[in-house]
Structures are given as structure tokens and as C-alpha cells.
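Student: The structure is given below, and queries will be raised subsequently.
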Amino acid sequence: MESNIGQGTEKIYYKDAYQSVFTARAIACEPAGEGFDVILDATAFFPEEGGQSADTGRLFLSGSAGRDGDAAKEECIPVFDVRIRDGIIFHRVKTPVPEGTAVRGEIDWARRFSNMQQHSAEHLFSGFVHSRFGYENVGFHLSDREVTMDYSGPLTEADVSSLEADVNAAIWRNFESRQLFPDKETLETLSFRSKKEIEGQVRLVEYPGVDLCACCAPHVRRTGEIGIMKVVSSQNYKGGTRIFMLAGERAYRLLTEEHRILQDVSRGFSTSYPNVPGRIRELREDTISLRRALAEAAAKQLEDKIGQLPEDLENVCLFTAGVDPVVLRKAVNAITERHSGIAGIFDGNEENGYRYILGSRISVQPLQTALRENFGAKGGGSEKMAQGSVRAKKEDIEKLFA
Ligand SMILES: [Zn+2]
């Protein structure tokens, strides 16, 4: 079938990235996966290529006119994936499209335009990274969920912010992009970014003064159409930097959502936006000192409880809530010094269970075994000290000690 098409599918998106509706003829159709792959003589559908996900849309097949001269009904076939192989573009559909059929194609324009915004913003960002830091873009990924670029060297947060500012300034200068199909001789004189060696005709996309790059994807005509570009986050990645970014409406949605959250938080704190980080720091410090005071009070209470225990008591069983394990361990030691049996402290509650520590001058094992056998306690330790966790009723645990 590939001989039918010679040079490969005519790519309408090269001629005009803004053409979302087109007419074409089906050259071949073959079973593929759970559907069929349709090859057209021309298409506006951008296939999955260069890290960008494929366009989606529909093919319309004109039906024959009705018997009573009704207008012909069109059959609508959704295109849910598009791939390219050796220059030929395959449209994945669920229903076969007979060879020779005239079709009208329509791509999901909003989605395509968003992809153009993301991809064009990527070129601007990569152009600035290249001219300012000399790094290559070694990986690009553009899906409905996220947009990432991987650069071959480290970028600090300050670098990323200033690159983002450069990109947005370039967007607002609203200059034209160009695509070039240079011949071999011209190509050799040009310096451009490229991820790989390209055979055959090279297509270059130029953002004059910012970037020149070999690329197969549709781009915006003027940078202003990108609207805005926002870096979402950056991280160290394989010795370089991975950037997560959004452009156009996707960036607008992100910023709107973040603004709504910040508004909510600032209302919750009854303070203005700039004071929110300070209020959070204050609250965190308050929480830390309150926790410390609470732990100290609980330790004091435990110490008092231990002091009031009858001296002739052999086994001691105490219950606490939210006491530091170090304090509990010290308390168990204090009890075993004064009482000859087994000391146990259970910290927690019946609903969520207890973390416990057992101690004894002789052996804690009889009790550890009883806790395991009666209540399925989990834990371990030595002959004289053990710890674990258990979920049981307070009075049932107390019975074991009695
Ligand atoms: Zn590109």
C-alpha cells in the first residue's frame, strides 16, 4: 500500500497549521489493533511525533442520497489515534473506510491549538536555554496531562524564573514564527537545534532572534497567540534539569486554580496574600511549642501516677495518650526499680490501638506471649524489655496484669 503514496501523506499542517477541516481520499484501509488504520492522500491530523501526542477528530464519509431525494447522510467516524511511519500517516478508527472513499476530516481544534501553544512555548524556552546556557533539550513530552522538557545541564530556580520571564517577554512582543524547508547546501550553513540526525527534507521552525530548530509539529503564527507561559516546577533529572510547564489556556487554568486556593487560605487566616507564608510559619512554631508543653505535662502526670502506686504492688499496668516513647521507656525503668513484677505502659486508645512497652527485672515474656495469644499483639524485644502494638479493651489488658 505504501507504493500507492510515494512521497508519503501530504501534510496539510505544514502548509497551514490553522486548517482544521479538509477533504481527502482514502488510499488504503487495513485492520489494526481493535480497529482499522486509514491512510489518506492528505491530512491535517498531526500524528504522534517528536514527543507530542496525536490530534484527535473525525472523518466524515458522504453517504448516497436517499430514495426520495433526501439529502445524503454523512457517516461520522471518530479518529482516536494518529501515527506516522516512513512518512505515511495512519488514522486509527473503529469502522473501515473503503479505499477510494472521499472523506472530510475535522480535527479537534481547541485541543490542537492548545498543543500548538505548548509546543511553541517549548521552542522559545529551549531557544533561551540554548543561547544563555548552551544546553540541549534532550527530551520533550507533550500530552493532555503535562508538558515536560529535559535539559542537558543544571538550572537553578533563579535561572528558571529568569528564563520564564524571557519567554513571556518574547510572547508579548508578538512576533512572527517562520518555517523553512532549506536545501542541503543552505542547511549546512545554518546553525540550528536538533534532537537527532534527520534524513530527507528538513523542516526548520524559526522564532527570529530566539530559536531555530528542526521540528515536525504545527506552531502558532505569532508568539502573542501563546498568551502566557508558566513553569510549574523544575527538578534535577539525570544530571540535567526537567522542567514542567504550561502555556496558554492551560497556564490560565492553573493560575486561576492556584489563585482560588490562595484566596481560600488567606480568608482562613484573615490576612492578605503576602502575609500568608508568615502566618503559616507562626502556626507551625506554635504547634511545635504546644506539642512540647503537652508532652512535658503528660510526662509529669505519668511521674506523679508512678509516685502514687502502692509500694507492695507487683505488676503495674498504666495507660497514657500521646506520650513520647522515650518518656515511656524511662517510666517503665522507674517502675521496675520499685516493683518486682512486670511493668507495662500502653499509650493510645481502644479505637486505634495501643503502642506498649513492657519491662521487668525477671522476664516480660509471659505477658508478651499472653498479649500475642489473646489479642494478636505484634512486637518483640529482649527478656527484660519488650515493645509492640495491640488493639484490645483497656479492662481486658488490665485483667492480664491482675
Ligand atoms: Zn518542536
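The values are calculated or read from the model by the stated rules, or taken from the named source; none is laboratory data. Keep in mind that what you see is a predicted model, and the values were worked out from it rather than measured. We place every Cβ from the backbone using ideal geometry, glycine too, and count neighbours over all the protein chains shown. Quick note on the areas: whole protein, heavy atoms, side chains included, nothing else; ligands and nucleic acids left out. Shrake-Rupley method; radii C 1.70, N 1.55, O 1.52, S 1.80 Å.
Student: About its Cα centre, what dipole magnitude does segment 180-249 give when the only charges are +1 on Lys and Arg Cβ and -1 on Asp and Glu Cβ, stated in debye to the nearest 20?
Tutor: I would put it at about 380 debye.
Student: For Leu313 and Ser270, compute 0.36 nm times the residue count separating them, minus their Cα-Cα distance, and round to one decimal in nm.
Tutor: Taking Leu313 through Ser270 to full extension adds about 10.0 nm, to one decimal.
Student: Here is a further query. Rounded to the nearest 0.05, what FRET efficiency do Lys399 and Lys330 have when you use their Cβ-Cβ distance and R0 = 25 Å?
Tutor: Working from the Cβ atoms, E equals 0.40.
Student: Let me ask something else about it. Heavy-atom accessible area per residue, the chain, 1.4 Å probe: how many Å²?
Tutor: Here the per-residue accessible area is 55 Å².
Student: Taking R0 as 60 Å, what's the FRET efficiency between Gln301 and His141 from their Cβ-Cβ distance, rounded to 0.05?
Tutor: Approximately 0.60, to the nearest 0.05.
Student: Roughly how many nanometres apart are two label points built 7 Å out from the Cα toward the Cβ at Ala370 and Arg83?
Tutor: About 6.9 nm, to one decimal.
Student: While we're here: Among rounded, prolate and oblate, which fits segment 220-301 when a ≥ b ≥ c are the square roots of the eigenvalues of its C-alpha gyration tensor, a/c under 1.5 means rounded, and a/b larger than b/c means prolate?
Tutor: Judged from the Cα gyration tensor, segment 220-301 comes out oblate (a/c at least 1.5, b/c at or above a/b).
Student: Take peptides 131-142, 243-254 and line them up by average Cβ neighbours within 10 Å, highest first, as a rough protection proxy.
Tutor: Going by the mean number of other Cβ atoms within 10 Å, highest first, we get 243-254, 131-142.
Student: Could I ask something else about it? For segment 308-401, just say rounded, prolate or oblate: build the C-alpha gyration tensor, square-root its eigenvalues into a ≥ b ≥ c, call rounded for a/c under 1.5, and beyond that prolate if a/b exceeds b/c, oblate if not.
Tutor: Rounded.
Student: Sticking with this structure for a sec: Given the C-alpha centroids of segment 315-376 and segment 164-185, what is the distance between them in whole angstrom?
Tutor: 72 Å
Student: Give, rounded to the nearest 20 debye, the magnitude of the charge dipole that the chain has about its Cα centre when Lys and Arg contribute +1 at Cβ and Asp and Glu contribute -1 at Cβ.
Tutor: Dipole about the Cα centre, nearest 20: 860 debye.
Student: Moving to a separate point now. Starting at 0 and stepping by 10 Å, how many percent of the alpha carbon pairs of the chain end up in each bin?
Tutor: 4, 16, 17, 13, 10, 11, 12, 10, 6, 2, 0
Student: Name all residues of segment 214-228 having a backbone nitrogen under 12 Å from the label point set 7 Å from the Cα of Arg173 along its Cα→Cβ direction, giving them as ranges.
Tutor: 223-224
Student: Relative to the longest principal axis of the chain, what angle (0 to 90°, nearest 10) does the C-alpha long axis of helix 109-133 take?
Tutor: 80 degrees
Student: For segment 308-401, what does the relative contact order come out to in percent, with C-alpha contacts under 8 Å and a separation of six or more?
Tutor: 25 percent
Student: Okay, moving on. What relative contact order, as a whole-number percentage, does the chain give when Cα pairs under 8 Å and 6 or more residues apart are counted?
Tutor: Rounded, it is 10 percent for the chain.
Student: A further question on this structure: What value, in deg cm²/dmol to 500, does the helix sum -39500 (n - 2.57) over DSSP H runs of n ≥ 4 give at 222 nm once divided by the residues of the chain?
Tutor: Mean residue ellipticity at 222 nm (helix-derived): -11500 deg cm²/dmol.
Student: What are the ³J(HN,Hα) couplings of segment 237-248, residue after residue, when phi is run through the Karplus curve with 6.51, -1.76, 1.60 and θ = phi - 60°? Round to Hz, x for glycine and proline.
Tutor: Calculated HN-Hα couplings, in order: 8, 6, x, x, 9, 9, 10, 9, 9, 9, 10, x Hz.
Student: Give me the percent relative contact order of segment 54-165, please, defined on Cα pairs under 8 angstrom at least 6 residues apart.
Tutor: Relative contact order comes out at 19 percent.
Student: Moving on. May I ask you to give the percent of accessible area on the chain that is carbon plus sulfur, with a probe radius of 1.4 Å?
Tutor: 49 percent
Student: While we're here: Under a Cβ-only charge scheme (Lys and Arg +1, Asp and Glu -1), can you give me the dipole magnitude of segment 308-401 about the Cα centre, in debye to the nearest 20?
Tutor: Computed about the Cα centre, the dipole is about 300 debye.
Student: Another one. Considering only DSSP beta bridges where both residues belong to segment 2-107, give the percentage that are antiparallel (nearest 5).
Tutor: Beta bridges within segment 2-107, antiparallel portion: roughly 90 percent.
Student: Given the options Ser161, Ser53, Ser270, which has the most mean-square fluctuation in a GNM of the chain, springs set between C-alpha atoms less than 10 angstrom apart?
Tutor: Ser270
Student: How much length, in nm to one decimal, is gained on full extension between Asp16 and Thr95, taken as 0.36 nm per residue of separation minus their Cα-Cα distance?
Tutor: Length gained between Asp16 and Thr95: 25.6 nm.
Student: What is the helix-to-structure angle for 325-338, meaning the angle in degrees between its Cα long axis and the longest Cα principal axis of the chain, kept from 0 to 90 and rounded to the nearest 10?
Tutor: Taking Cα atoms only, the helix is inclined about 20 degrees.
Student: Put +1 on the Cβ of each Lys and Arg and -1 on the Cβ of each Asp and Glu in the chain; which of Tyr18, Gly388, Asn275 then has its Cα farthest toward the positive end of the dipole?
Tutor: Gly388
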